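Everything below concerns the one structure shown next.
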There are 2 protein chains.
Amino acid sequence: MKSFPNRYAVILCGGSGTRLWPLSRAQRPKQLLALNGDKTLLQQTALRLSQHVAPSKLFTVTHEDHKFEVKGQLAELFPEALENVLSEPCAKNTLPAVAWATFTIYQQDPDALIGVFASDHAIDNESAFLKAWESAELAAVQDYLVLLGIQSQEPATGYGYIKPSTTLALDAALPIHQVEQFIEKPDLVNAARFVSDGYLWNSGMFVFRARTFMRLLQQFQPAVYNQIITLTSENLNEIYPDLPSLSMDYGLAEPLAAASGLVAVVQAEMGWSDLGNWNSIFARHSKDAENNVTQGKVISLDTKNSFIWTDDLLVATLGLDNLAIIQTADAILVCDRGRVEDIKALVDKVKLRQPALTDIHQTVSRPWGAYTVLEDKPNFKIKRISVNPGASLSLQMHHHRSEHWVVVSGVATVINDGKEYILQKNQSTYIPQTHRHQLANNGTEILSIIEVQCGAYLGEDDIVRFDDAYGRK
Amino acid sequence: MKSFPNRYAVILCGGSGTRLWPLSRAQRPKQLLALNGDKTLLQQTALRLSQHVAPSKLFTVTHEDHKFEVKGQLAELFPEALENVLSEPCAKNTLPAVAWATFTIYQQDPDALIGVFASDHAIDNESAFLKAWESAELAAVQDYLVLLGIQSQEPATGYGYIKPSTTLALDAALPIHQVEQFIEKPDLVNAARFVSDGYLWNSGMFVFRARTFMRLLQQFQPAVYNQIITLTSENLNEIYPDLPSLSMDYGLAEPLAAASGLVAVVQAEMGWSDLGNWNSIFARHSKDAENNVTQGKVISLDTKNSFIWTDDLLVATLGLDNLAIIQTADAILVCDRGRVEDIKALVDKVKLRQPALTDIHQTVSRPWGAYTVLEDKPNFKIKRISVNPGASLSLQMHHHRSEHWVVVSGVATVINDGKEYILQKNQSTYIPQTHRHQLANNGTEILSIIEVQCGAYLGEDDIVRFDDAYGRK
């Protein structure tokens, strides 16, 4: 492997994917989910990149709303990557995110060789991926803006295509071509033609030198350039929202390809998928004898070609073909697998009528752990609350509700109206309304409590925070 | 209406219907469910019959397991019907149940005119039903065993058919025929022929004189007769299990029709349905513009001819046709509506692997009210417990678990290790393991508590009862 000590990677972790609803929600999008195994897609991405880049040189760009969750997931693998998490105050497509991360790196090292990767894709063949990245670097050091292109396998209509032209004479493991043209998601007829003509799928992965990128940004998007180079943590919330929403392709790669031959694409095969809808998840799981993919408690009779994913309920099916059935704690999707690309329209309808169901899960992540609403009825609400070792909730007060806490595992440290005390498993306490209180886990195992809230108003916004380890108001 | 002061009705409430799973369960079969409106099918049946018979003359035969639930449902309408609930120690088809109820009535009044009715059917046109019952009585007083036959509307293969012959010359509102033959559920070709030949559907409803029935029973089923006439509450558990499983049709009506002309059938139309599967429920509900029936939170796109019934989760559908989707708190059925008659095979499969899911609901009825398991995890379990006004749980003790109770509505009277105290809403108490304790509702509104159980073993069988208002051990 050729040594580039100034190698960096940028993980784009800003997606809000609705196409995997009800599993993905606005507050827990696809990249933060464990869709296969126990690692989330973000964690799988970080692990994959860490084979080629030092964890301290992993930069992650995410939305402010996901900051704690992203940091929590990275902390489990690479604590040294935490200080390089950039939180966007609002989503602005890929170009501003890449520009911000690149400028941050550029200030440390103008010669940095940067790879940019999505956080929510799957790659089966990691050594092929690493070979493609390394090949791309050979073109990047020649001042090319380089894409990783995927050898198209089938006339997919869900991907953009790249038309390659002249092959570059570089001593790379994989062929590298100049890019003649970018094509948006085509119809089926054109897609079939593109596959037979050897066009490549656009994976959205880029490799470039920091100084090359900054020069191109100044040339093709001078306004963005001028804003990015003035960004500081102080003015972020004023400047960032004014940036235009631009993709890397539309904002930089396409105009550059049109103006010069300085866009290149590596031609690779790596078992790549953007996991863009339920069918692409289905495609990557092993099937039973009737070509079904099932997860969880599923009992089926005369059911075939179906994808059945259940969280806690039993799903029993009879006489089905080609359906996707996805159950979460609060919603079930039942969908013809031929229609998975239309889920967005359904989710829009859900959002209109039941916005909580597209926004959050019943289990909600917090910087200190998570809570799950077990029952929400008039005058009372029951939550299971998990607090990570060493973590604490804010010192807080509620105007309208009292709380009963029962410790079911771990040890709780409670502050209640100025008094501090310990609760062991099978002990309980009562927090009257208006009492200042705080729950902390000073132990080494996860603290789990059952909270029964009583009151006429039980909204999450009835909270007055006096002191918060995570800077929340 | 002709006056028969010695008119009685017997409600057969022994069904264990699996064909409406997951809504119907062994411990809460169809007749105990409210499938339309707020009354259960049993309650609807009792109300319908009470238009023609005094509530004190309503007899109900049910399974021992359902006794408290049946009595609870009847108590809401006709407390005077409670003492006439007969509990079978085991299910023995319809003949033993009818024989037991008839013999019980016969001992009070040998001339009693008895109507026998299922507890889990729907009848739209109640006045037509009452007219048919009254017509049947005219033949019954002539010593006929009389069936209510339903004018067949379509070649249904799910019903038995009755071939009528000579019409009796009785001054009845509806035609009454002698019965020539009984035919079991036919295939489609035969069903079509039966409809065009004017055969009637066998509704399973009978009318007869008590003394007629006892005489016929002695003649055609002498062994059953001899056992039934010796039945007492003391020997019930020995004798009843030895009775043969026989239906009214096979055990009595068919041999009688073959031996004599003394079986009659009233020809009626009354909007009758046996609610035998999800399609018959579908047929009775009003449809939306795409011919869907929905209940609960349902959001659909391009979905038609489907039956979507949801308890608490949102069901979102896309691109479906002709499906039945039934969600309960612990199970979801997704089924081709063309296959609803095959649900039994699916339920058998579920029973094998997840027996609790065919047996009980997450909400379990008790003589004092009900409880719902909200979460069941290692080392803790959460229940919501509802106690009816005036009711109390047994004085009890657990070897392996402690309990934390939080009152969320109503007022609780608690006995805890010999001490009695009151808990209001938003108050809690702790029951350590091995403490004798009792929960009672001496108030006038329903008492609702949240119980958090802690312990290494949380099975329902860890209960030692010292004193129980309902005679349970």
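Just to confirm the number: angle between the C-alpha axis of helix B:126-140 and the first principal axis of chain B, 0 to 90 degrees, nearest 10?
Approximately 50 degrees, to the nearest 10.
Please report the relative contact order for chain A, taking Cα pairs under 8 Å with a sequence separation of at least 6, and give it as a percent rounded to a whole number.
The normalised contact order for chain A reaches 13 percent.
Among A:Thr94, A:Thr166, which comes first, then next, by fewest other beta-carbon atoms within 10 Å?
Ordered by Cβ neighbours within 10 Å, fewest first: A:Thr166, A:Thr94.
Using the Cα centre as the reference, give the magnitude of the dipole from point charges on the C-beta atoms of segment B:360-473 (Lys, Arg: +1; Asp, Glu: -1; all else neutral), rounded to the nearest 20 debye.
40
Out of residues 5 or more away from B:Ser300 or on other chains, whose amide H comes under 5 Å of its own, with H placed 1.01 Å from N in the peptide plane?
B:Thr317
If amide hydrogens are placed 1.01 Å from N in the peptide plane, which non-local residues have theirs closer than 5 Å to the one on B:Ile332?
Residues meeting the amide H criterion: A:Leu314, A:Val315, A:Ala316.
Long-range amide H contacts for A:Met205: which residues qualify at under 5 Å (H placed 1.01 Å from N, peptide plane, sequence gap of 5 or more or a different chain)?
Those lying under 5 Å, H to H, from A:Met205 are A:Leu148.
Going by C-beta contacts inside 10 Å, put A:Arg401, B:Arg48 in order with the fewest on the left.
Fewest to most other Cβ atoms nearby, the residues stand as B:Arg48, A:Arg401.
Going by how many other Cβ atoms sit within 10 Å of their own, how do B:Lys57, A:Lys419, B:Lys344 line up, fewest first?
Least crowded to most crowded, the residues run A:Lys419, B:Lys344, B:Lys57.
Per residue of segment B:27-43, in order, report the coupling 6.51 cos²θ - 1.76 cosθ + 1.60 (Karplus, θ = phi - 60°) as ³J(HN,Hα) in whole Hz, putting x for Gly and Pro.
Once rounded to whole Hz, the list reads 7, 8, x, 3, 5, 9, 9, 8, 8, 9, x, 9, 9, 6, 4, 4, 5.
Would you mind checking the tilt of helix B:343-353 against the longest principal axis of the Cα atoms of chain B, expressed as 0 to 90 degrees and rounded to 10?
In chain B, helix B:343-353 runs at an angle near 30 degrees to the longest axis.
If a/c stays under 1.5 just call it rounded; otherwise compare a/b with b/c (prolate if a/b is bigger, oblate if not). Do that for segment B:366-447, with a ≥ b ≥ c from the square roots of the Cα gyration tensor eigenvalues.
It comes out oblate by the Cα gyration axes.
Using a cut-off of 15 Å between alpha-carbon atoms, which aspartates and glutamates can reach A:Lys304, once sequence neighbours fewer than 8 places away in the same chain are excluded?
Leaving aside aspartates and glutamates fewer than 8 places away in the same chain, those within reach of A:Lys304 are A:Asp288, A:Glu290, A:Asp321, A:Asp336, B:Asp336.
How many lysine pairs does segment A:1-151 hold where the Cα atoms are under 25 Å apart and the two sit 8 or more places apart or on different chains?
17
Farthest toward the dipole's positive end in segment B:7-273, which of B:Ala26, B:Ser56, B:Leu74, given Cβ charges of +1 (Lys, Arg) and -1 (Asp, Glu) about the Cα centre?
Farthest towards the positive pole: B:Ala26.
Only Cα pairs under 8 Å and at least 6 apart count here; give the relative contact order of segment A:1-42 as a rounded whole percent.
After rounding, I find 24 percent.
Taking every DSSP beta bridge with both residues inside segment B:7-273, roughly what % is antiparallel (nearest 5)?
Percent antiparallel among DSSP bridges in segment B:7-273 is about 50.
Where both residues lie in chain B, what percent of DSSP beta bridges are antiparallel, nearest 5?
Counting DSSP beta bridges with both partners in chain B, the antiparallel share is about 70 percent.
I'd like the antiparallel share, as a percent to the nearest 5, of DSSP beta bridges with both residues in the protein assembly as shown.
Counting DSSP beta bridges with both partners in the protein assembly as shown, the antiparallel share is about 65 percent.
Which distances, in nm and shortest first, link the A:Asp171 label point to the same label point in every other copy, taking 7 Å along Cα→Cβ?
11.8
Place a +1 charge on the Cβ of each Lys and Arg in segment B:7-273 and a -1 charge on the Cβ of each Asp and Glu, then give the dipole magnitude about the Cα centre in debye, rounded to the nearest 20.
It comes to approximately 180 debye.
Per DSSP helix of 4 or more residues, -39500 (n - 2.57); summed, then divided by the residues of the protein assembly as shown. What does that give at 222 nm, rounded to the nearest 500?
-6500 deg cm²/dmol
Over segment A:286-356, how many percent of alpha carbon pairs lie in each 5 Å bin up to the one with the longest distance?
So the P(r) values, bin by bin, are 4, 16, 26, 22, 17, 10, 4, 1.
Bear in mind these aren't lab numbers, they're just calculated from the coordinates by the rules spelled out. For clarity, every value in this text was computed on a predicted model and none was experimentally measured. Ideal geometry is used to build each Cβ from the backbone, glycine not excepted, and the neighbour counts take in all protein chains shown.
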